[in-house]
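The values are calculated or read from the model by the stated rules, or taken from the named source; none is laboratory data. Everything quoted here is computed from the prediction, not taken from an experiment. Here the Cβ positions follow ideal geometry from the backbone for every residue, glycine too, while neighbour counts run over all protein chains shown. Heads up: the accessible areas ignore ligands, DNA and RNA and are worked out on the full protein's heavy atoms, side chains in. Shrake-Rupley method; radii C 1.70, N 1.55, O 1.52, S 1.80 Å.
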Amino acid sequence: QVQLVESGGGLVQPGGSLRLTCGVSENIFNFNAVGWYRQAPGKQRELVALINVGGVTNYADSVKGRFTISRNNAENTVYLQMNSLKSEEKAVYSCYSHILRRKYWGQGTQVPVSS
């Protein structure tokens with residue numbers, strides 16, 4: 001069974017930086033894409049960033065230029081570097097992957113953005 005385990009969440013001040021890590025239980029090249037979604041309180045879950053098997057990245061417009069998704073192929077790990085965080089980006093950030101129509105989710109990690 002595919003497992004995605006996030007780490008790196010925690011309190012950060014507006015304008016600060018944080019790096020999230022997602023450990024994947026299988027070879028990440030088994031998946032069409034891996035990445036991150038987030039869900040803020042009272043809002044729908046939204047895409048943050050994805051990286052596909054070919055290394056092509058896709059970002060939500062709101063995070064372009066501030067967030068960077070990357071991966072360590074040898075360690076089956078995906079990262080999300082978040083810079084210049086905004087208070088409205090307080091959310092639960094979840095790791096995601098898919099193989100065709102099969103979707104997999106991590107349990108999520110809290111990222112409170114507050115002064």
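The residue that is farthest from Ile99 (Cα to Cα), among those in segment 5-36 that are assigned to a strand (DSSP E or B) and either free of Cβ contacts under 8 Å to residues at least 24 places away in the same chain or open to solvent by 50 Å² or more (accessible area, probe 1.4 Å) (or both), is Arg19.
Could you check how many residues of segment 54-72 are outside any strand (DSSP E or B) and open to solvent by 70 Å² or more (accessible area, probe 1.4 Å)?
Of the residues in segment 54-72, the ones outside any strand (DSSP E or B) are 54-56, 60-66.
Restricting the remaining residues to those that are open to solvent by 70 Å² or more (accessible area, probe 1.4 Å) gives 56, 61, 64-65.
Residues flagged as outside any strand (DSSP E or B) and open to solvent by 70 Å² or more (accessible area, probe 1.4 Å) within segment 54-72 amount to 4.
On inspection, Ser97 does not qualify as assigned to a loop (DSSP other than H, G, I, E, B) and in contact with a helix residue (DSSP H, G or I) (Cβ under 9 Å, 6 or more places away or on another chain).
The residues on offer are Glu88, Glu75, and the sole one that is at negative phi, assigned to a loop (DSSP other than H, G, I, E, B) and open to solvent by 60 Å² or more (accessible area, probe 1.4 Å) is Glu75.
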